[in-house]
Structure formats: C-alpha cells, structure tokens
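The values are calculated or read from the model by the stated rules, or taken from the named source; none is laboratory data. Quick caveat, the model's predicted, so the values are computed rather than measured. All Cβ positions, even for glycine, are placed from backbone atoms using ideal geometry, and neighbour counts span all protein chains on display.
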Amino acid sequence: MPDTARQPATVQGLDVHEADDGLVVYVVATDTVHHLNKTAGVIFGLCDGTRDSTAIATEVAELFDLGEVPLDETAACLSDLGARGLVA
C-alpha cells in the first residue's frame, strides 16, 4: 500500500546526469553511482517534496499514457530510491 502521507524529495549532494536509457546519479557523500531507468528517472524527477506517492503515480500514468495509475509500482520505486539514499 502506498505511503500517501509522505512527500519525498531528492537529497542534497547528488550529481545527476541524463543518459540515453535514464539517469546516472552520483552520490558524493558515499562515492556511489546509481543508474536509473527512464521510469525511475521520471519518478526521481518528480520527488520535489510537493507530491505524495499517489500524485507521483498519477503523473507517471499521464506521462506514459497508462490506462491505470501505477500506485504499487510507484511506491516500490520510491522505496528503492529511499533505500539507495536518493530521496528522503
């Protein structure tokens, strides 16, 4: 079940670059590199602290012209981005 109370935002200290297949995110503090596919990159880009997971999923559905709002998939991606230390 998505955590709709949380409004994730990207953390400080990230060096983000676009790639053909998504984003490359370098975390300065941990000297680690993360490769995000296009969908994860879009979700990451929507993490500005003003949207909850439902709003992010709704925007993903609109951007990718999906028939259904991907609530569970978006929540899983947000959880992964949080575990990687990219959003809080």
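Does T4 count as at pLDDT below 95 and over 16 Å from T74 (Cβ atoms)?
When the stated conditions are applied, T4 does not pass them.
Determine whether D21 is in contact (Cβ under 8 Å) with a residue 12 or more places away in the chain and either over 12 Å from the mean Cα position of the chain (by Cα) or surrounded by fewer than 16 Cβ atoms within 10 Å (Cβ to Cβ) (or both).
In short, yes.
For T50, work out the one condition from (1) touching a residue at least 24 places away in the same chain (Cβ under 8 Å); (2) surrounded by 14 or more Cβ atoms within 10 Å (Cβ to Cβ); (3) closer than 23 Å to V11 by Cβ it doesn't fulfil.
Every condition holds for T50 apart from (2).
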